[in-house]
Amino acid sequence: MLRYIHGTDLHRFARLRDGMFRDRADQFKTRLGWEVTVDADGFERDEYDALDPLYVIWEGPDGRHQGSMRFLPTTGRVMVNDHFGHLLNGQAVCSPDIWECTRFCLSRGAPSRVAAGLMLGGGEIMRHFGIRHFAGVFDARMVRIYRHIGSSPEVLGSQGTGRDRISVGLWAFSDAARMRVAQRAGISPALSDLWFRRSLGDAIPMPLSA
């Protein structure tokens, strides 16, 4: 199932929290070789985890983390502006209608539908918070994954070639896309909506000065 958890509430879900940060270390440091910091507990965290982001987390039947993403409004500090502005010719992404999505993570052995489930969760955030787009940086390996899920971004800028290519993308989420991704995840739109409301009620938007 999907859970939606603000950073300030992660302490209430210690098992999911710890699993998420450890799986992020495994994916980004061990498997992909990114230059990320892993602490003595084996957690991968950065300065954006301290900004009270909204996390979408897939909780497996055993209560463990199987996948997650992190969201922040672009009216505050976000990675795409702080570290990847060169991909957009120095132009900043800053709008109350656009949030940034980062740290798309899947645990080892996670069912294939978890990736689509996370994207569906992102769509629920859009629907309930009145957001028009997500912005995010992705590498070449993710192109096939997004296409398989049925939620490919509009590419705003890129650098590099082949497997080393990185891009900034902008995602929209139409009703048709929601149905397509829900089918891929094996989750009915009604159940997806229920999971969101169980986590966040009627979704009062986050402060845009985050």
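The values are calculated or read from the model by the stated rules, or taken from the named source; none is laboratory data. Please read all numbers here as calculations on a predicted model, not as lab measurements. Every residue, glycine as well, gets a Cβ built from its backbone with ideal geometry; the counts of neighbours run over all protein chains shown. Keep in mind that these areas ignore ligands, DNA and RNA; they rest on the heavy atoms of the full protein, side chains included. Shrake-Rupley method; radii C 1.70, N 1.55, O 1.52, S 1.80 Å.
Within the listed set Ala135, Ala25, Ala190, the residue fluctuating most in the Gaussian network model of the chain (springs between alpha-carbon atoms under 10 angstrom) is Ala190.
Only Cα pairs under 8 Å and at least 6 apart count here; give the relative contact order of the chain as a rounded whole percent.
It comes to 21 percent, rounded to a whole number.
In the context of the full protein assembly, Thr8 retains an accessible surface of approximately 90 Å², using a probe radius of 1.4 Å and ignoring ligands and nucleic acids.
Ordered from highest to lowest accessible area with the whole protein assembly present and a 1.4 Å probe, Met179, Met126, Met1 read as Met179, Met1, Met126. Think of it as helices only: each DSSP H run of n ≥ 4 in the chain is worth -39500 (n - 2.57), and spread over all residues that comes to -9000 deg cm²/dmol at 222 nm.
The heavy atoms of Arg12 present about 150 square angstrom of accessible area, all protein chains included, probe 1.4 Å. For Ile149, the solvent-accessible surface with a 1.4 Å probe is about 10 Å², rounded to the nearest 10. A Gaussian network model of the chain, with springs between Cα atoms under 10 Å, assigns the largest mean-square fluctuation among Gly76, Gly136, Gly90 to Gly90. If you take the Cα centroid of the range 1-74 and the Cα centroid of the range 80-146, the two points sit 15 Å apart. Here the extension length gained between Gln183 and Arg77 equals 34.8 nm, from 0.36 nm per residue of separation less the Cα-Cα distance. Solvent exposure of the chain amounts to 49 Å² per residue of accessible area, where only protein heavy atoms count and the probe is 1.4 Å. Taking all protein chains together and a 1.4 Å probe, the residues Glu59, Glu47, Glu100 rank Glu47, Glu59, Glu100 from largest to smallest accessible area.
Suppose each label sits 7 Å from its Cα in the direction of the beta carbon; what would the Ala50-His11 distance come out to in nanometres? Inter-label distance under the simple model: 1.7 nm. Remark: the Arg31-Ala140 segment gains 37.7 nm on full extension, using 0.36 nm per residue and subtracting the alpha carbon distance. Legend: residues Trp34, Trp58, sorted from most to least accessible area (1.4 Å probe; ligands, DNA and RNA excluded), read Trp34, Trp58. Largest GNM mean-square fluctuation among Gly123, Gly67, Gly186, using the chain with Cα springs under 10 Å: Gly186. Taking the accessible area of the chain, probe 1.4 Å, and keeping the other protein chains in place, the carbon and sulfur fraction comes to 49%.
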